[in-house]
Amino acid sequence: MAGVDNWRTCLNDLKIFKQLRENNCTDSNQKKKLHSKSLLQVLDSDLYVWDTYDAQLLNYNLKNSDSSEKKNRFQTLLCTDPPRFDVDGIEFNHCKSFLAIWGSSGVMVMEMPQRWGKYSEFEGGKPTVTCKTTGVAEHYFTSHKSVHLLQVAWHPGSETDSHLTLLTSDNLLSTYDLNEPDVPIHVVKLGDAAQDLTDSPTKPSYRAALGDVAASLDFGPPVELRRKNRRHSTLATPDVVWPAYIVFGNGDVVIAYTDLSPDPSGIQKLGLQGPLVMYPPAEDNYGVDACSVAVLGSSPPVLVIGTRDGKLHHCLVMQSSLEDTTLQSESQSVVSTDTSVLYDALDDVSLYVYESVELELSLTTSCLSTDEFVEDTFTCPIRIIKDPIAPDRYHCSHAAGVHTVVLPWIQEYNKFFSENQHDCVPEQEDCIVEHLICTKPLPSSPVAPVHGLGLVKGLSVEPYLLTLTSDYEVVSLPLCPSRYRDSSGPLQSDDDPTAIESPLRKFSKEPFDVYIKKILQRNVTNPKLKFDKKTEISQQECFQLLTRTTQVFREEYLQKQEHAHQEIQKRMRVLRNLRTQQEEDLRNLEEARNRVRDTAENLATKYSDCQDRQEEILQRIEEVMRRLQERMPSMSEAERGMKRDLEAMEEKLEVYKRSVKQLKIKQDYQKREISQTPNRMVSSPSLKSGQLKQLREVLQQEGDDLGNLLKRVNSLKLEAGV
């Protein structure tokens, strides 16, 4: 196992990360920002990380960590036009052919080079490769200094995978084609685009302070639109649009429908849908400082909304009911344009909040003097990263660390809606939140934002999450799917198809192993501390962290294990009593079975005797009935019918006798004729020898038939007593 996970332990000792730490850790300005970044990407076994100091992209194959020759071998991808702004994230398109390098002041797109050679490396394995880099919307960002780029996303409906969607602080959602990077092919106005008079590149606007500026976007599953012709009849092939879910700073969520068709004028008339009504309603609209949104791939879609104070809201996007539609139409501030001329009406949707979760940004500790919990008012933007392996899991990176959230109820709701089982609503089930890394353990600790997250799969049994800290060190933590999903464990044996299921399972609401897993499920975890190395922690603060860690271990581990131990002991006592009772019942049933067997043998013997006597009695009855029938003075109907048949046969016999007599007379006559004419030929001139032979056979057969009839008549006369 040590050889399998060798790549995890030697990452920080590699030359690529040593170079990153030497170049970037001297830049103190990077650590003062409150927002996390996305400078790390992992595609299969290739790790990509952005070097801010040299403005270049570094590529390393994680499989090379097992080879002594290629252990420190990596490739550097240079930009023909390097970005002159601070890079906040890198984003690959779906085909991995383009890389978007973006920051708050612009975006550049790098065209990835070709791979070839023995190890399928860029440009055959050259240490340094120059890549073509193109700026997107450069003229727009140059002429609008006060506009900031909030988020970049590759459009999922692009056939060439070369369309980039930008969300800017002037409430514009623009889609650009890399063939014409300066002219947007589709623009959606999300609100009033007029800037405040006090706007400047260094001073935030009042609109942003009030939450009227869009904060984040994510694309949902496509929607089909039926286009109408002049006769208002729908065509067979619908138009497909991609809804973009956009969250504003005040918590409002709107849907902007985007399309990449050559004539998107009809789609632009769709306008916006929203703000979407959230149920159940809340006074603060579920937070007034939203910063991120993500759409999880499920049916119906699940919308995750994150706020700066660490709250996450999991919402189901479903069609609104009639009452909800009326309420929503009254509360909408962004009105959709009438599209009845071009398309059928779109269904109104609402957000149904399933649950809300509050993340623990800084560790909750207690004061040593008053023994009261120290409240931390620290807030920071949260970046939501979807998991490409598990659709019901996502990760949160922020200035205080990393959290992983699992939604186990998504699979049940997908099954519920796919099978239309509206009579059996899935059981309420909470999400699972795990605090993996904490970079700000105490309220007094300085911020150390995470610079990137990457998911590694295929190099080991379980997937691993790579985290790039503010010190450009890589932390690798395992993500165990069996911890959240049903799988064979020590408390659950393999299913045997020949085994008989216990009747007690039908009476229990849930399996015992699931019950124990729920007891052992941890609500609070001890994350891995990874703060700035220059941070000085006093002995009192260390003792607070130790006390908090000890308390978490006591409450979340020891107490729950003791509870699980007690439940297992209780279950053992119940099962032991049931086993004793069942063994006694088995003994009683064995005795009863022996008694039943003896009784069955006796009954079988008696039944055999009764059957023999019954057959004997039946034979005697048949003999008596036969004798009575013989002595009856009158004949039965069968006997009378037989008498008539015999009389008819007797008449036929008389006819046969006369025929036989005539034949004998003819035979005598022929003999006399033959004897009187000896000189004549023996054979008649009119009959041949074959004809004579055939005639003899016919006469002989008729004679035999007459003999048989005579014998039968005589026997019948004897039987009838005539």
Residue by residue through the range 389-416, note down the ones that are touching a Cys at 6+ places or on another chain (Cβ under 9 Å), in contact (Cβ under 8 Å) with a residue 24 or more places away in the chain and open to solvent by 10 Å² or more (accessible area, probe 1.4 Å). 408
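Could you tell me whether the range 25-38 includes any residue that is modelled with pLDDT under 90, under 22 Å from residue 381 (Cα atoms), surrounded by 14 or more Cβ atoms within 10 Å (Cβ to Cβ) and under 33 Å from the mean Cα position of the chain (by Cα)?
Looking through the range 25-38, at least one residue is modelled with pLDDT under 90, under 22 Å from residue 381 (Cα atoms), surrounded by 14 or more Cβ atoms within 10 Å (Cβ to Cβ) and under 33 Å from the mean Cα position of the chain (by Cα).
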Suppose we filter the range 74-95 for residues that are assigned to a loop (DSSP other than H, G, I, E, B) and in contact with a strand residue (DSSP E or B) (Cβ under 6 Å, 6 or more places away or on another chain); how many remain? 9
Restricting to the range 96-106, what's the tally of residues that are over 11 Å from residue 150 (Cα atoms) and in a strand (DSSP E or B)? 4
Looking at the range 88-106, I want the residues that are farther than 16 Å from residue 454 by Cα and of a type in the set (Ser, Thr, Tyr) and have a partner that is open to solvent by less than 10 Å² (accessible area, probe 1.4 Å) and not in a loop (DSSP other than H, G, I, E, B) with Cβ atoms under 6 Å, at least 6 apart or on another chain. Which pairs are those? 104/149
Filter pass, residue 383 being open to solvent by 20 Å² or more (accessible area, probe 1.4 Å) and either modelled with pLDDT of 90 or more or closer than 17 Å to residue 466 by Cβ (or both): yes
With criteria (1) without any contact (Cβ under 8 Å) to a residue 60 or more places away in the chain; (2) closer than 23 Å to residue 513 by Cα, residue 578 comes up short on (1)
Check on residue 295, open to solvent by less than 50 Å² (accessible area, probe 1.4 Å), at pLDDT 80 or above and touching a strand residue (DSSP E or B) at 6+ places or on another chain (Cβ under 7 Å): yes
Considering only residues that are of a type outside the set (Val, Ile, Thr), in contact with a Pro (Cβ under 7 Å, 6 or more places away or on another chain), farther than 15 Å from residue 101 by Cβ and open to solvent by less than 40 Å² (accessible area, probe 1.4 Å), which ones fall in the range 122-145? 122
Close pairs from the range 271-300: first over 30 Å from residue 415 (Cβ atoms), partner open to solvent by 40 Å² or more (accessible area, probe 1.4 Å) and at pLDDT 80 or above, Cβ under 6 Å, at least 6 apart: 275/252; 287/311; 289/308; 291/308
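Given the residues 266, 251, which is the only one that is among the small types (Gly, Ala, Ser) and at pLDDT below 55?
Within the list 266, 251, the selection yields 266.
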Among 303, 342, 346, 316, the single one that is surrounded by 21 or more Cβ atoms within 10 Å (Cβ to Cβ) and modelled with pLDDT of 55 or more is 303
Taking the range 404-454 as the search range and keeping residues that are at pLDDT below 75 and among the acidic types (Asp, Glu), which one is farthest from the chain's Cα centre (by Cα)? 423
Taking the range 704-719 and keeping residues closer than 17 Å to residue 663 by Cβ and in contact with a helix residue (DSSP H, G or I) (Cβ under 8 Å, 6 or more places away or on another chain) leaves 706, 709, 710
Residues 580, 550, 605: which one is open to solvent by less than 70 Å² (accessible area, probe 1.4 Å), out of contact with any helix residue (DSSP H, G or I) (no Cβ under 9 Å at 6 or more places or on another chain) and of a type in the set (Ser, Thr, Tyr)? 550
Restricting the search to the range 68-113, which residues are among the polar types (S, T, N, Q) and more than 16 Å from residue 48 (Cα to Cα)? 68, 80, 104, 105
Residue 118 fails exactly one of the following numbered conditions: (1) in a loop (DSSP other than H, G, I, E, B); (2) more than 16 Å from residue 219 (Cα to Cα); (3) open to solvent by 50 Å² or more (accessible area, probe 1.4 Å); (4) at pLDDT 90 or above. What is the number of that condition? (4)
Which residues, taken from the range 76-86, are open to solvent by less than 40 Å² (accessible area, probe 1.4 Å) and aliphatic (A, V, I, L, M)? 77
Strands (runs of 3 or more DSSP E) enclosed by the range 146-245 - at least 1 residues per element that are closer than 15 Å to residue 256 by Cα and either open to solvent by 60 Å² or more (accessible area, probe 1.4 Å) or modelled with pLDDT under 85 (or both): 180-189, 223-225
Looking at residue 368, is it assigned to a loop (DSSP other than H, G, I, E, B) and modelled with pLDDT of 70 or more? no
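Here's the yes/no breakdown for (1) in contact with a Cys (Cβ under 9 Å, 6 or more places away or on another chain); (2) within 22 Å of residue 471 (Cα to Cα); (3) crowded, with 16+ Cβ neighbours inside 10 Å:
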| position | (1), (2), (3) |
| --- | --- |
| 44 | no, no, no |
| 48 | no, yes, yes |
| 58 | no, yes, yes |
| 61 | no, yes, yes |
| 68 | no, no, no |
| 74 | no, yes, yes |
| 90 | no, yes, yes |
| 100 | no, no, yes |
| 110 | yes, no, yes |
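Here is a check on your reading of the model: is residue 457 at pLDDT 75 or above, surrounded by 13 or more Cβ atoms within 10 Å (Cβ to Cβ) and basic (Lys, Arg)?
The answer is yes for residue 457.
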Would it be correct to say that residue 553 is at pLDDT 75 or above and in contact with a Leu (Cβ under 8 Å, 6 or more places away or on another chain)? no
Of 699, 695, 710, the only residue that is modelled with pLDDT under 90, closer than 30 Å to residue 633 by Cα and open to solvent by 70 Å² or more (accessible area, probe 1.4 Å) is 710
Are any of the residues in the range 521-535 at pLDDT below 75, surrounded by fewer than 12 Cβ atoms within 10 Å (Cβ to Cβ), of a type in the set (Asp, Glu) and more than 30 Å from residue 426 (Cβ to Cβ)? no
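The values are calculated or read from the model by the stated rules, or taken from the named source; none is laboratory data. Treat the numbers as computed from the prediction; the structure is a model and nothing was measured. Every residue, glycine as well, gets a Cβ built from its backbone with ideal geometry; the counts of neighbours run over all protein chains shown. Accessible surface areas use protein heavy atoms only, side chains included; no ligands, DNA or RNA. Shrake-Rupley method; radii C 1.70, N 1.55, O 1.52, S 1.80 Å.
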